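Only one structure is covered here, and it is reproduced in the block below.
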Amino acid sequence: MVVVMHLLELSAVLIAFCCFKSEAVDGYYGKEVGPLSSLAHGVHGTVFVIDSKRIGIRDFSYDGTAPAAFFWIGLKGKHDSVPDKTGIAVPDENGRRIVLKKYINANVILTLPTNTTADQLKYFSVWCHEFFINFGHVVFPEPIDVPSPADIGQLSQLNHGVSSGKVSITDHKTGLVKNFSYDGKGKDVFFVAGNGSNPSDSKFLIKLPRVVGGLQSLPEFSGSDVIVRFPGPTFVFMFHFLAVYSNATGETFGQVDLPTTLNVPPFTPDPVVQLP
């Protein structure tokens, strides 16, 4: 006798996971570097590494009154840990090297200059280039584990011609299934994520909408790349596996485990403007 496991609605899953992992509920912003020192002009905020080319500042404030303030970095092996005039200006969140405006508890994402990566950073500062004054800075640890997309394996080939190339977690809300194939003959079939060792062993399953195709039952695929997204406030860290699953019959057509040690970038729907 086949026991059919119906997929839980998102609200029920969130209730079940409310105490599972605090950062998964409260927000994930990447690898935390630390708070900016508050030395002048109301500077404060917490700096994170998003990926190899981007850093974020959470709850960033600066009063905007200095004549020539810039986001400023120093590099390992080239600069000391105390900011000075030999540092490098970083474009603002809009990609402009202009004097900084006023910020009030803003969430800012900055792209590092060409040929500079996050693992090279010695410090990050808000720096006045006219009077050579440091308004606040943070020193980067050595080494720092920079978040990056993670390859987690391939889907197992259990039924209905399901197969794939590499499955990657590109950020904490997005999965990429390369070269996905499926015969399209199953009923009420979706990508799902859940806890436990497999869908039949899981009390909590959640449908993963496709970026192209949404939550429609899976049609036939023949070697296509498919992007799935963890919906609402759910994150990859909440779950133990990703699977192709029939909600009508309770069958699993293919599955790959989600590692517990993922260090992936945060999802940034608008990577220029704000953290999620």
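The values are calculated or read from the model by the stated rules, or taken from the named source; none is laboratory data. This one's a predicted model, so the numbers in the text were calculated from it and none came from an experiment. Here the Cβ positions follow ideal geometry from the backbone for every residue, glycine too, while neighbour counts run over all protein chains shown. These accessible areas exclude ligands, DNA and RNA; they are computed on the full protein's heavy atoms, side chains included. Shrake-Rupley method; radii C 1.70, N 1.55, O 1.52, S 1.80 Å.
A few notes on this one:
- Region 176-207, subset under 22 Å from the mean Cα position of the chain (by Cα) and open to solvent by less than 30 Å² (accessible area, probe 1.4 Å), residue nearest to PRO265 (Cα to Cα): VAL177
- Within region 38-77, tally of residues that are under 17 Å from ARG96 (Cα atoms), in a strand (DSSP E or B) and open to solvent by 60 Å² or more (accessible area, probe 1.4 Å): 0
Matching residues to (1) in contact (Cβ under 8 Å) with a residue 24 or more places away in the chain; (2) touching a strand residue (DSSP E or B) at 6+ places or on another chain (Cβ under 7 Å):
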residue	(1), (2)
PHE71	yes, yes
PRO91	no, yes
PHE124	yes, yes
ILE133	yes, no
HIS137	yes, yes
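- Looking only at region 208-232, and only at residues there that are of a type in the set (Val, Ile, Thr), more than 16 Å from ASP183 (Cβ to Cβ) and in a strand (DSSP E or B), the one that is least open to solvent (accessible area, probe 1.4 Å): VAL228
- Only residues that are touching a residue at least 24 places away in the same chain (Cβ under 8 Å), more than 30 Å from SER81 (Cα to Cα) and part of a loop (DSSP other than H, G, I, E, B) were counted in region 142-166, giving 9.
- Test: HIS172 is under 21 Å from the mean Cα position of the chain (by Cα), at pLDDT 95 or above and either open to solvent by 30 Å² or more (accessible area, probe 1.4 Å) or within 23 Å of PRO265 (Cβ to Cβ) (or both): yes
- Within region 210-239, the residues that satisfy the criterion of being hydrophobic (A, V, I, L, M, F, W, C) and touching a residue at least 40 places away in the same chain (Cβ under 8 Å) are PHE221, VAL226, ILE227, VAL228, PHE230, PHE235, VAL236, PHE237, MET238, PHE239.
- Enumeration of residues in region 117-137 that are open to solvent by 10 Å² or more (accessible area, probe 1.4 Å) and within 19 Å of GLY30 (Cβ to Cβ): THR117, ASP119, GLN120, LYS122, HIS137
- Taking the criterion of being open to solvent by 40 Å² or more (accessible area, probe 1.4 Å), closer than 17 Å to GLY136 by Cα and assigned to a loop (DSSP other than H, G, I, E, B), the residues of region 78-116 that qualify are ASP80, SER81, VAL82, ASP84, LYS85, THR86, VAL99, LYS101, LYS102.
- Index of the failed condition, SER246 passing every other in (1) under 19 Å from the mean Cα position of the chain (by Cα); (2) over 16 Å from SER168 (Cβ atoms); (3) buried (at least 17 other Cβ atoms within 10 Å of the Cβ): (1)
- Residue within region 146-163 that is within 24 Å of the chain's Cα centre (by Cα) and acidic (Asp, Glu) present: yes
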